[in-house]
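S.K.: Got a structure for you, questions after.
What follows draws every value from the coordinates through simple rules; no lab data is involved. Being a predicted model, the structure only gives us computed values, none of them experimental. Cβ sites come from the backbone with ideal geometry, for glycine too, and all protein chains shown count toward neighbours.
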Amino acid sequence: MESAAFDVPGVTWNRVSDRLIGVRRLTVAVFLGVPALATVVPAVIVGSAMWLLPAVLVLLVAWAWWLIPRQVRAIGYAELEDDLLIRKGVLFRSLTVVPYGRMQYVDVQAGPLMRRAGMAQVQLHTASASTDASIPGLLEAEASRLRDRLTEAGEARLAGL
Amino acid sequence: MSTPNPWAPPPSATAAEQPRPDAGDPPPDAPAAPGEPGADERIEWRRLHKVTPLLNAWKAAAVILGLAVWNYGEDLAQLDLAWAMKILLVVGAIVLGAIIGLVYGAIAWRRTRYGIGEESVFLHSGVLWRQQRHVRLDRLQAVDVTQPLLARLFGFSSLKIESAGGAGSNLTLSYLTDTEAQRVRNEILARAAGVRRTGQAPGAAPAPAQEAPERPLLELGAGRLVGSLVRSGFMIVTILLVAGLVLAIALTRTFQLAGALPGVLAAVGYAWSRFAGEFSFRLGLSADGIRLRHGLLEAKARTVPPGRVQALSFSQPPLWRRKGWWRVRMNVAGYGGEGEETTTVLYPVATTEEVALILPLVLPDLGTDRPLEVLQAALTGTGTDEGFIISPRRARVFDPLTWRRNGVRITDTAVLIRTGLWWRTLAVVPHERTQSLAMTQGPLERRRGLAGVDLHSTSGPVTATIVHLDVETARTLLLEQAERARRARRHAGPERWMSRRGGGEPDAAALRAGYAGVLPAVPAREEMP
C-alpha cells in the first residue's frame, strides 16, 4: 500500500492490537451475517428474486472481511514531544495532529466484546467538536499508559482556549 | 488480563479529589454557607432584584392559559353559559396562572443568591432541584446584558456570563436593575481581566469598578439592514418559491394557499427575527474587549474580551457583491451551539472598508508586509496573487469553476481560507486558536493526488476547511501549521487580559498604522510604508 503522503518523516507509528480484527469481524458477522441467514428462509420458500437480499448481505460480509484487517493495520498513532498524531483509513484516509496542551479530557471506553478481548479505546477531546482523536483497539495496559501519559502531557503544556 | 487496570482512576484524579486547603471554592457537597464560602475569601452574597417574580409570572400565566385553551377550548365554546361568564372563566385562568407563577417565583427568588469572588462567580438557585454554579473568571468567554421587551420598559436587565462548556454553559442573573447589571458586569470584567484592587481592607465595601471607557466604532443604519435583507440569499430563495407558487396557481387555477402558508409564515418570521435582532447594530471597543449592542425590541449589549474570538468569517451572498457588503461572523467558545443566528454575528453588514476596520479588532497584526493587498486578494481575488496557495489544475474535475478561487494564505499570525465564487467566504483563524488539525483524503482525491486540510475550531458558524490541495502541499502545510500553532500558543497572551505587560485598550493610532483603513480597489504597492 502506498501511503507515503500520510507518513511523517522521522516518526515511527505504533500499531493497534490485531485482536481488534477479530472483534470487528465478529461485530460484522452478528449485524450482517445473522440477517443474511434470516433472509435465506423466505428465499428458500419463495425462491428466485428473494435470493437477492441474502446474496447482497453475504457480499457485504465478504467485503468487510477483506477490508477490516487492512483498516485495522492502517490505524497508527505516535506520541511526539508536543502533539499526538493519529493516522487512519484505507479508502478515506486521515492524519490528525492534536496538541497535548489543547486536551480538555481523555475518555477510555470499551464495550463488552472489547473488554472480553482485553482492549479499550482511548479518545482525546479538545474544545472543538470536530476533533476526531480516537484510538480504538489498544490493549488495556497500553490504554492506561497512554491515558496517564496524555493527562500528564496535557497538564504540562496546558494552554487556554 | 494484565495487572494495570484502565478503569482505575488515574493518579492525578485521586489527587484532585482530596481536599486542597488552598482551594478558594467551597466543596460542592457542603451546605450553602452564605457569607463564608472559603476560609481565605469573603464573598458578599447578593440577591436578584425583588421584581424578578413579577417579570417571570406572566410566563407561567401564558403557559396555563395556553394549556387551558388547548385542552378545554372546545368545551368552553359548547358550555351553555353567558358570554360574560366565559370571559370571566378565561380571566380567572390567567389570574390563577399569574398567582401560581408569582408564588413559585417568590420562593425561587428567596432561594437564589449570587456572589462574585476573586476567582469565580457563584450562583446558588433552585426550589426542588438545587443548583450551585461556579464559573471560573479566567474561563469566562463573554458577558451579555439582555433587556427583554417587558423588562426593558421597566428598566431591568438580565446578565449572562458565558463559559466554554458548550450550549447551556452559562450563568444567568435575571433580573437586575439596569444600573446594577452594568455595575456587576463591569466588576466581573474587571476581575476577569486581572485588575486587582490594591490597598483595600478585606471585608470593606468594595469600590464600584470603573466601566472601561468604550469607543464606538461602527453603527449599522436601518436602510442598509433592510437593503441587505432584501438582497440576502434567503430572500432569493423565498422569491423563487413565491414565483413557483404563483405559477402553480396560474396553471392549475386552484387556489391552495393553506399548503404554502406555513412556509410563508416561517419566511416572514425569519426575516423579522433578523431585522429585529440586528436592528441598530453597534460595534465598539473598550479595554474589556469588543462590545456589541443591538436589538429593536429586545436590546442586547454583549462584551467579548480580547482573545476570545476563535475564528472569523466574512461571507457575501451573490446580490451583495455590487454593494461590496460582507457578513462578519465569529466562533466564540461560549456562544457555540446556541441556536440564535444573531448571537454569533460580529457585524451583520459591513462594507469592504469596514471589514478592514473589524478584522484588526480580532487580529491586530495580520502578519504580512502588505496587509491590505492580502486582505483584498482574500476577499475577492482568485489565483496565486499575494501568495495564495490554490488547488492544482488537476482539481478541475472536482471544482470546475472554483479551483482557482479556493485557496489558503498563511501569514505570520493567521490562516486565511477563501472559498466560493458566487457565495464568497473568507475564514480567518489565528494560529494560537486552532485546536487540532487534520488532513483527509477520499478515494477519488487519491487518484488525483489531492488532499484536504481541516483546522478544528470551537463550534460556531466558522469552519476552516481547505479542499483539494496537492497532497504534498497539504502535508507540508499540516506539519508546518502544527509547528506554527505551537509557537503561537507559547506567545499567546494570558487568559486574564489586563495582566499582560502593557495591557489595555488597543491604541487606535497603532491600529490604523497597522492596517485598518480603506482597502485599495487595485493593489497599490506604493501606498504601503
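S.K.: State to the nearest 20 debye the size of the charge dipole of segment B:342-394 about its Cα centre, where the only charges are +1 on K and R beta carbons and -1 on D and E beta carbons.
M.R.: 340
S.K.: May I ask you to derive the relative contact order of segment A:1-77, considering only C-alpha pairs under 8 Å and at least 6 residues apart, and to give it as an integer percent?
M.R.: Relative CO of segment A:1-77 lands at 46 percent.
S.K.: Pick out, from B:Leu247, B:Gly263, B:Ser315, the residue whose Cα sits farthest towards the positive end of the charge dipole of segment B:237-316, with +1 on the Cβ of Lys and Arg and -1 on the Cβ of Asp and Glu.
M.R.: It is B:Ser315, whose Cα lies furthest towards the positive end.
S.K.: Loop-only chymotrypsin sites (Phe, Trp or Tyr not before Pro) in segment B:76-132, please: DSSP not H, G, I, E or B, and at most 16 other Cβ atoms within 10 Å.
M.R.: Sites meeting the loop and neighbour criteria: B:Trp129.
S.K.: Can you list residues from other chains, or at least 5 along the same chain, whose modelled amide H is less than 5 Å from the amide H of B:Ala333?
M.R.: Hits under the 5 Å cutoff: B:Gln310.
S.K.: How would you classify segment B:61-147 from its alpha-carbon gyration tensor, with a ≥ b ≥ c the square roots of the eigenvalues: rounded for a/c under 1.5, else prolate if a/b is greater than b/c, otherwise oblate?
M.R.: It is prolate, given that a/c is not under 1.5 and a/b is the larger ratio.
S.K.: Hey, what do the phi angles of segment A:88-95 turn into as Karplus ³J(HN,Hα) couplings, whole Hz, using 6.51/-1.76/1.60 and θ = phi - 60°, x for Gly and Pro?
M.R.: Those phi angles translate into 8, x, 10, 7, 9, 9, 8, 9 Hz.
S.K.: Convert each backbone phi in segment B:77-91 into a coupling constant with the Karplus relation 6.51 cos²θ - 1.76 cosθ + 1.60 (shift: θ = phi - 60°), then list the ³J(HN,Hα) values in order as whole Hz, x for Gly and Pro.
M.R.: Going residue by residue, I get 5, 8, 4, 8, 10, 5, 4, 4, 5, 4, 4, 4, 4, 5, 4 Hz, with x marking Gly and Pro.
S.K.: Which of A:Tyr77, A:Met119, A:Gly154 sits farthest toward the positive end of the charge dipole of segment A:76-156, with +1 on the Cβ of Lys and Arg and -1 on the Cβ of Asp and Glu?
M.R.: The one lying farthest along the dipole's positive direction is A:Met119.
S.K.: How far apart, in nm, are two points set 7 Å out from the Cα along the Cα-to-Cβ line at B:Asp365 and at B:Glu480?
M.R.: Each label point is offset 7 Å from its Cα along the Cβ direction, giving 1.9 nm.
S.K.: Using θ = phi - 60° and the Karplus relation 6.51 cos²θ - 1.76 cosθ + 1.60, list the HN-Hα couplings for segment A:98-109 in order, rounded to whole Hz, with x at every Gly or Pro.
M.R.: 10, x, 4, x, 8, 5, 9, 7, 10, 10, 10, 9
S.K.: Quick check: from the Cα gyration tensor, does segment A:76-156 come out rounded (a/c under 1.5), prolate or oblate?
M.R.: In terms of gyration-tensor shape, oblate.
S.K.: Can you give me the long-range amide H partners of B:Ser436? Hydrogens built in the peptide plane at 1.01 Å from N, cutoff under 5 Å, separation of 5 or more residues or another chain.
M.R.: Result for B:Ser436 returns B:His456.
S.K.: Would you mind checking which residues have amide H under 5 Å from B:Leu285's amide H? H placed 1.01 Å from N; only 5 or more apart, or other chain.
M.R.: B:Arg215, B:Leu217, B:Arg291
S.K.: What is the dipole size for segment B:222-492, taken about its Cα centre, with +1 at each Lys and Arg Cβ and -1 at each Asp and Glu Cβ, in debye to the nearest 20?
M.R.: 440
S.K.: Ok, one more. Please sort by residue number the GluC sites (Glu not before Pro) in segment B:260-354 whose DSSP state is loop and whose Cβ has at most 13 other Cβ atoms within 10 Å.
M.R.: Counting only loop positions with at most 13 other Cβ atoms within 10 Å, the GluC sites (Glu not before Pro) in segment B:260-354 are B:Glu340.
S.K.: Which distance in nm do the two modelled labels at A:Asp107 and A:Gln123 give, with both placed 7 Å along the Cα-to-Cβ direction?
M.R.: 0.2
S.K.: Put a dot 7 Å past each Cα toward the Cβ at B:Leu421 and B:Ser273; how far apart are the dots in nm?
M.R.: Simple spin-label model gives 3.4 nm for this pair.
S.K.: Suppose a student asked you for the relative contact order of segment B:67-139, using Cα pairs under 8 Å spaced at least 6 residues apart; what percent would you report?
M.R.: 17
S.K.: Answer rounded, prolate or oblate for segment A:15-87, using the Cα gyration tensor with square roots of eigenvalues a ≥ b ≥ c: rounded when a/c is under 1.5, else prolate when a/b is larger than b/c, else oblate.
M.R.: Here segment A:15-87 falls in the prolate category.
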